[in-house]
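Engineer: Before we start, here is the structure in question, set down as structure tokens.
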Amino acid sequence: MPKKELSVCMAVYNEAKNMRRCLSAVVDWVDEVVIVDGKSTDETVKIAKSFGSKIKVYSFKNPTNFLKNRALAMKYANSRWLLVLDADEVVTKKLKQEILKTVASSKKEGYWLPRLNHFLGKPLTKGGQYPDYCLRLVLKKLAFQPTENLHNQVSIKSRKKVTGYLKNPLWHYPYPSFEVYLRKWVQYSSHEADLLIEKKMKPSFWLFVKYFVIKPKLWFLKTYFRHKGFYDGFAGFVFALFSSLRFLVIYIKLYEKNRS
């Protein structure tokens, strides 16, 4: 049996709307796709298995931090290289060719992929959103997924951490609608409030001023003007506005959680 060179690793939960688009872009040129499913209640698993024998599905409960299931997918993979994906991401043909060329000749330990995020049907090329580099192509023997919080990147268990950067972007479709964006917006805000609680922080006058005035203002100015979010039109404005308003929600959630 030939040695496996590349495995795709995914953690999913109720991703039926995204699975076909994601898997159809990789299944024909990788050695295997390892999926850890959080006991989806839709047709996520059925759709995944329809792509054939390269698909390997493992079922575990869906944790609050999905990165725990991603870590399992990386553990169960058998190839020399791991390409870590989310279901709402798509590998373009140009990125495919770059990945195959890299895997065949690289002497590095991992690679950062530029990610092109889409919002309100438009790619966000400014506002600090591109290139949204993620370490996603890593050697299996060195791959590690921290799980302290939802924002943890894939990491490398190496002293030197010899990494490179790919040029072609990974397309990311995290918000199929504004309603979905708002749900995730609230979810991440709640998570950030939980992190403040873990740090023993409590509502106060100074924290109120910081989260209701200072942070929102500075974030909007940085995103929309300094990082030229206005180039992305209406989508760029809405993204800058709501990403700055999240600080208000974080404080309100912190206040609510402390009272309860």
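The values are calculated or read from the model by the stated rules, or taken from the named source; none is laboratory data. Since the structure is predicted, the reported quantities are computational estimates derived from the model, not experimental observations. Every residue, glycine among them, receives a Cβ derived from its backbone with ideal geometry; neighbour counts consider all protein chains shown.
Yes/no per residue for (1) without any contact (Cβ under 8 Å) to a residue 60 or more places away in the chain; (2) not polar (S, T, N, Q):
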residue	(1), (2)
K17	no, yes
W29	no, yes
V33	yes, yes
K46	yes, yes
K56	yes, yes
N69	yes, no
L72	no, yes
V90	no, yes
K96	no, yes
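Engineer: Failed condition for D232, given (1) in a helix (DSSP H, G or I); (2) free of Cβ contacts under 8 Å to residues at least 12 places away in the same chain, with all others met?
Structural biologist: D232 satisfies every listed condition except (2).
Engineer: Shifting gears a bit: Do we have Y224 as within 21 Å of the chain's Cα centre (by Cα) and among the aromatic types (F, W, Y) here?
Structural biologist: Working: within 21 Å of the chain's Cα centre (by Cα): no; among the aromatic types (F, W, Y): yes.
Answer is no for this residue.
Engineer: For the range 178-206, name all the residues that are in contact with a Leu (Cβ under 9 Å, 6 or more places away or on another chain) and free of Cβ contacts under 8 Å to residues at least 40 places away in the same chain.
Structural biologist: Passing the criteria: only Q187.
Engineer: Now for a separate question. Since V26 meets every condition but one in (1) assigned to a loop (DSSP other than H, G, I, E, B); (2) at pLDDT below 95, which condition does it not meet?
Structural biologist: (2)
Engineer: Does R20 meet the test of being surrounded by 17 or more Cβ atoms within 10 Å (Cβ to Cβ), basic (K, R) and either in a loop (DSSP other than H, G, I, E, B) or within 20 Å of the chain's Cα centre (by Cα) (or both)?
Structural biologist: no
Engineer: Hey, can you tell me all the residues within the range 157-180 that are touching a helix residue (DSSP H, G or I) at 6+ places or on another chain (Cβ under 8 Å), modelled with pLDDT of 95 or more and surrounded by 15 or more Cβ atoms within 10 Å (Cβ to Cβ)?
Structural biologist: L166, N168, P169, L170, Y173
Engineer: Kindly establish whether K4 is among the charged types (D, E, K, R) and either assigned to a loop (DSSP other than H, G, I, E, B) or in contact with a His (Cβ under 7 Å, 6 or more places away or on another chain) (or both).
Structural biologist: Spelling it out, K4 is indeed among the charged types (D, E, K, R) and either assigned to a loop (DSSP other than H, G, I, E, B) or in contact with a His (Cβ under 7 Å, 6 or more places away or on another chain) (or both).
Engineer: Residues of the range 64-89 being closer than 22 Å to S189 by Cβ and aromatic (F, W, Y), which ones?
Structural biologist: F66
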